Amino acid sequence: MSEPSSPVPPYARLAAALAVAIGITALTIHDVAVERGGPGVTCDELYHVGYGKRLVASLLRHGSRFFTRECVKETFAWSPDGPPVHPPLGNWVLGWFHWLFDPAPQELSQLAITPARFGTAVCFGVLVFLICWAGVHRYGLIGGLAAGCSLVFMPRLFGHAHLAALDAITVLMCTAAVLAVVVAERSGRWWVFALAGSVWGLALLTRFHGLLCGLPILVWIVWQRRSKGVVPAVCWLASGLLIFYIGWPWLWFDTFEHLRLYLSTSTQRTPIHVFYLGRVWDDTLVPRHYAWVMFLVTVPVGLLIAGSIAVFSNWLPRSPQARVSTFVPQMDAADFLFLGTIVFFLAIFTAPRVPVYDGVRLFLPVYSMWALLVGRGTQLIWEWISRMTWHSFRYGPHFVLGSLFALQAVGVVAFRPVWLSYYNLLVGGLAGAERLGFDVNYWGDALIEPLLAAAAQRANKGETLVFGPSLAPYQAAGILLGSPALAEKEMVVVGWPAGAKTPPKNARWMVMYHRRADLDQIPEEIRQQPVVSEFSCQGVWLARLIQLPASASENSP
């Protein structure tokens with residue numbers, strides 16, 4: 001299905017994709033600020049914002065000396081012998097957007113979450129543009145618009161577009177790498193494959209997932225061109241690796257040792273707890289169906305159906321008597337690349353001993369690939385209902401398809417701003433997911449400003465606010481940084497101490513988010529204290545403000 005049945009002029013494709021992308025970017029930006037109704041500050045955001053500012057500040061301060069061995073070691077390595085956790089491209093994006101609004105670019109201790117979130121929102125807008133443009137080009141106007149809009153209707157993906165982290169940027173780069181090689185295949189020229197490889201290099205520079213998306217691409221190139229695929233594959237591979245090397249100065253020195261460190265530390269880390277099917281697992285021991293199940297229960301059902309129609313249309317009957325078969329085209333090679341990338345990502349996180357955690361975050365590129373299949377399936381649905389008889393209702397097909405698609409937006413509206421807690425109707429929404437034993441809030445985005453403001457209103461100036469579960473040493477600082485109410489009251493935010501039975505001394509208030517995998521690090525008698533304020537969705541509490549027992553806090557050492 002390389003060309004739509006009714007080709008859309010190139011300028012119309014571009015205009016449609018731009019219009020959708022600009023509108024969705026504006027919609028996303030509207031909710032990035034914590035104090036304006038956006039998600040609470042999540043676990044990793046302060047780390048990524050700090051890393052991004054450090055990169056930009058170092059470049060501005062050192063100029064050409066930025067690329068010397070001493071400066072590279074100082075800027076990129078977080079410990080004398082340890083590697084960076086991730087390649088730098090995503091953090092550069094966050095860092096430069098932070099710099100645009102930064103009154104003190106060289107003061108590394110002065111950070112802000114919201115400016116960096118603008119960078120993620122813009123990257124999400126670029127992703128929408130690419131998906132929409134590719135969908136209009138391949139499937140037609142209806143299919144392309146459906147593909148682009150479906151990215152917003154997937155709450156889990158849309159939620160990550162509001163956070164100053166690498167996940168949405170990773171989706172953009174992996175998707176761009178896949179679409180670039182499709183363009184290169186249509187061209188057939190070696191230098192176009194080299195350009196496509198450069199795009200893949202950007203994915204490598206963003207996160208380890210770039211390597212994952214490169215494997216199905218490489219197999220697809222060879223499969224498509226057989227013996228003639230060697231030169232294109234080599235050009236693509238060499239170009240991507242070259243961009244990866246050039247774009248990460250940390251690899252310029254002690255290259256092979258640094259590369260070994262990066263690859264080993266990308267897969268070896270302290271186990272992270274996962275709550276799944278009613279019990280807590282270490283991330284490498286989660287049942288192997290986790291990724292498949294989580295994908296199926298976190299995509300709106302209508303989008304699952306539309307994408308499935310695209311996949312299974314190849315097996316529909318093609319006899320002249322069949323009402324549908326006469327206009328259903330076969331999936332082409334690019335469609336199989338999209339599907340193959342989905343299957344490969346899910347299969348990787350199904351393999352034994354491969355860590356998987358934090359909901360669907362680690363295999364989020366699957367959602368953008370599925371959006372392309374949604375576009376194809378929606379175009380097929382449109383053609384089918386357009387062939388039905390609409391006697392007196394000229395716009396009947398538009399009304400039917402528009403209504404079906406509008407229903408898919410219910411989750412985005414109902415879960416604002418805790419889109420990362422979304423579950424679809426297959427498990428009965430969030431309430432059903434809780435009953436079935438799924439985690440309901442894994443990253444702390446439910447610690448929204450109204451809840452923190454309620455704590456600040458009751459606390460004394462400079463008082464300590466405890467929060468939990470605490471997953472990282474910088475998480476408490478991120479919560480304080482993102483809350484104007486806590487900052488105005490000059491409060492101190494501390495995570496619940498590991499292994500502690502009582503709260504810190506003189507702390508009277510605590511906020512909890514409902515990460516079931518680690519909630520038991522807080523003693524049950526503390527969790528059962530009176531709830532002063534609560535944020536819930538679909539009848540499930542996601543975050544609470546509780547009053548700590550006076551005797552326990554006063555007697556703590």
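The values are calculated or read from the model by the stated rules, or taken from the named source; none is laboratory data. Computed from a prediction, not measured in an experiment: that's the story for all the values here. Here Cβ is always computed from backbone atoms with ideal geometry, including for glycine, and neighbour counts include all displayed protein chains. These area figures cover heavy atoms from the full protein model, side chains too; ligands, DNA and RNA do not enter into them. Shrake-Rupley method; radii C 1.70, N 1.55, O 1.52, S 1.80 Å.
Which residues, taken from the range 165-183, are in contact with a His (Cβ under 7 Å, 6 or more places away or on another chain), assigned to a helix (DSSP H, G or I) and over 22 Å from Val413 (Cα atoms)?
Those that are in contact with a His (Cβ under 7 Å, 6 or more places away or on another chain), assigned to a helix (DSSP H, G or I) and over 22 Å from Val413 (Cα atoms): Thr170, Cys174.
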Quick check on the range 386-407. Is at least one of its residues touching a residue at least 60 places away in the same chain (Cβ under 8 Å) and open to solvent by less than 10 Å² (accessible area, probe 1.4 Å)?
no
Exactly one of His137, His162 is in contact with a helix residue (DSSP H, G or I) (Cβ under 7 Å, 6 or more places away or on another chain), touching a residue at least 40 places away in the same chain (Cβ under 8 Å) and assigned to a helix (DSSP H, G or I), and that residue is His137
Return the only residue of Phe118, Phe129, Phe97 being closer than 20 Å to Tyr367 by Cα and within 20 Å of the chain's Cα centre (by Cα).
Phe129
Output the qualifying pairs, or none if there are none: Cβ atoms under 6 angstrom, residues six or more apart or on different chains, first residue in the range 43-55 and within 16 Å of Gly495 (Cα to Cα), second residue part of a helix (DSSP H, G or I) and open to solvent by 10 Å² or more (accessible area, probe 1.4 Å).
Leu46/Ala477
Subset tally (residues that are among the charged types (D, E, K, R), farther than 22 Å from Asn460 by Cα and in contact with a strand residue (DSSP E or B) (Cβ under 9 Å, 6 or more places away or on another chain)) for the range 500-520
4
Check whether at least one residue in the range 250-264 is without any contact (Cβ under 8 Å) to a residue 24 or more places away in the chain, open to solvent by less than 20 Å² (accessible area, probe 1.4 Å) and more than 21 Å from Gly90 (Cβ to Cβ), and report yes or no.
no
Answer with yes or no whether Arg544 is in a loop (DSSP other than H, G, I, E, B), touching a residue at least 12 places away in the same chain (Cβ under 8 Å) and within 19 Å of Ile448 (Cβ to Cβ).
no
Counting just the residues of the range 49-64 that are open to solvent by less than 10 Å² (accessible area, probe 1.4 Å) and under 26 Å from the mean Cα position of the chain (by Cα), which one comes out nearest to His160 (Cα to Cα)?
Val49
Looking at (1) of a type in the set (A, V, I, L, M, F, W, C); (2) under 29 Å from the mean Cα position of the chain (by Cα); (3) more than 21 Å from Ile272 (Cα to Cα), which is the only condition Met512 fails?
(3)
Run down Tyr367, Tyr357 and say which single residue is modelled with pLDDT of 80 or more, closer than 18 Å to Leu157 by Cβ, among the hydroxyl-bearing types (Ser, Thr, Tyr) and in contact with an Asp or Glu (Cβ under 9 Å, 6 or more places away or on another chain).
Tyr357
Would you confirm, using the coordinates I've provided, whether Trp236 is open to solvent by less than 10 Å² (accessible area, probe 1.4 Å) and either over 14 Å from the mean Cα position of the chain (by Cα) or of a type in the set (Asp, Glu) (or both)?
yes
So which residues in the range 334-363 are in a helix (DSSP H, G or I) and among the small types (Gly, Ala, Ser)?
Ala334, Gly340, Ala347
Only one of these is more than 30 Å from Ala112 (Cα to Cα), open to solvent by 30 Å² or more (accessible area, probe 1.4 Å) and not basic (Lys, Arg): Leu179, Leu202, Leu211. Name it.
Leu211
If you check Val440 against the conditions, is it closer than 17 Å to Val494 by Cα, among the aliphatic types (A, V, I, L, M) and open to solvent by less than 10 Å² (accessible area, probe 1.4 Å)?
no
Identify, by number, the condition in (1) under 22 Å from Phe158 (Cα atoms); (2) among the aliphatic types (A, V, I, L, M); (3) free of Cβ contacts under 8 Å to residues at least 40 places away in the same chain that Leu447 doesn't meet.
(3)
Could you tell me which of the residues Val56, Val8, Val49, Val72 is part of a helix (DSSP H, G or I), out of contact with any Lys or Arg (no Cβ under 6 Å at 6 or more places or on another chain), at pLDDT below 95 and of a type in the set (Val, Ile, Thr)?
Val72
Does Asp445 satisfy the condition of being open to solvent by 20 Å² or more (accessible area, probe 1.4 Å) and under 26 Å from Phe275 (Cβ atoms)?
no
Boolean, Tyr245 is within 30 Å of Thr68 (Cβ to Cβ), of a type in the set (Phe, Trp, Tyr) and touching a helix residue (DSSP H, G or I) at 6+ places or on another chain (Cβ under 7 Å)
yes
